[in-house]
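The values are calculated or read from the model by the stated rules, or taken from the named source; none is laboratory data. Values in this document were obtained by computation on a predicted structure and should not be read as measured data. Methodologically, a virtual Cβ is constructed for each residue, glycine included, from the backbone with ideal geometry; neighbour enumeration extends over all protein chains shown. Accessible surface areas use protein heavy atoms only, side chains included; no ligands, DNA or RNA. Shrake-Rupley method; radii C 1.70, N 1.55, O 1.52, S 1.80 Å.
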Amino acid sequence: VSGNHRDAWVYGAVDPNSGTAAMLEAVDGIGALLRQGWRPKRTLIYCSWDAEEEGLIGSTEWVEQQAQTLDHAVAYFNTDVGVSGPNFTAAAVPSLKQFVRDVTQAVPSPLGGNVYQEWRLNKAAANEHRASNAPPQPGEEVRVSDLGSGSDFTPFLQHAGVPSTDVGSDGPYGVYHSTFDDFAWFTMSADPHFAYLQEMARVLGLEAQ
C-alpha cells in the first residue's frame, strides 16, 4: 500500500502536493508497465487520503475498515512531504531499513550515479520537522530514521502493525505549514532541478544571468 494525503493547512505546495505528484508519477509508471504486459506478484494499492491535517482521519478510518484485509499487507509506503530540497531522506521500521537502502542503489540520480551515492554524500542532512532521536548504528553509511508519528503511516504501523516507511527529498523547509508553502516558493527553493541549475550557475559564475 502506498499513500499520501491531499489536504493542506494552506496551499501545501510541499506538504502534501509534492508527495502527491510523486505518487501520481509512480502510478503512471505502473500503468505503463501494465500496458507492456508486466504484472505485479502482489496487489498494489495507491491511496489519496483526506483530512490528514485534521488528525489523520482519512487514513485511520480506512485502516479501521480494512483491518482484516491488512492482515495480509506486506508494507505501507508514505510520501507526504515528498520534496522540500535535493537530499534524499527516509524513515522506516527496522525490517524495511535495508530494503530502502537497497532500492536507492538501483535508482539513478540526476547528478549521476545513484540515489544511494548522493544520499551518502549528504548524510548530514536531516528531516528537520520529523527527525529521529535514535542514535546512528555503528558502520551505517546512510541513516534511515525511526518512524514516530504525524503522518498517514501512523494507523498502518501503530493500529494495524503493517511495516511502514516515510521517504522524501529534503532541504531547508522554513515555510512548513505556512501560507508561504506555495508554488512560487517550491519552484525557487525546493525543486531539486532548480537547485541543480542554481549550483551550476554559481560554479560557472553565471549567477547574474
In segment 5-16, anything touching a Ser or Thr at 6+ places or on another chain (Cβ under 8 Å), closer than 18 Å to residue 59 by Cβ and surrounded by fewer than 20 Cβ atoms within 10 Å (Cβ to Cβ) is listed as 6, 9
What's the total number of residues in segment 1-53 that are among the small types (Gly, Ala, Ser) and closer than 11 Å to residue 79 by Cβ?
8
With respect to residue 191, is the statement that it is modelled with pLDDT of 90 or more and not polar (S, T, N, Q) true?
no
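Condition check ((1) touching a residue at least 60 places away in the same chain (Cβ under 8 Å); (2) surrounded by fewer than 16 Cβ atoms within 10 Å (Cβ to Cβ); (3) not in a loop (DSSP other than H, G, I, E, B)) across all residues:
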{"residue": "18", "(1), (2), (3)": "yes, no, yes"}
{"residue": "24", "(1), (2), (3)": "no, yes, yes"}
{"residue": "33", "(1), (2), (3)": "no, yes, yes"}
{"residue": "42", "(1), (2), (3)": "no, yes, no"}
{"residue": "54", "(1), (2), (3)": "no, yes, no"}
{"residue": "61", "(1), (2), (3)": "no, yes, yes"}
{"residue": "77", "(1), (2), (3)": "yes, no, yes"}
Pairing a residue in segment 99-113 that is closer than 15 Å to residue 143 by Cβ with any residue that is part of a loop (DSSP other than H, G, I, E, B), where Cβ atoms lie under 6 Å and the two sit 6 or more apart in sequence or on different chains, gives 100/144
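Each row is one residue, and each column tells you yes or no for (1) modelled with pLDDT of 95 or more; (2) open to solvent by 50 Å² or more (accessible area, probe 1.4 Å); (3) among the hydrophobic types (A, V, I, L, M, F, W, C); (4) closer than 23 Å to residue 20 by Cα.
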| residue | (1), (2), (3), (4) |
| --- | --- |
| 87 | no, no, no, yes |
| 92 | yes, no, yes, yes |
| 122 | no, yes, no, no |
| 136 | no, yes, no, no |
Any residue at all in segment 64-80 that's touching a strand residue (DSSP E or B) at 6+ places or on another chain (Cβ under 9 Å), at pLDDT below 95 and not hydroxyl-bearing (Ser, Thr, Tyr)?
yes
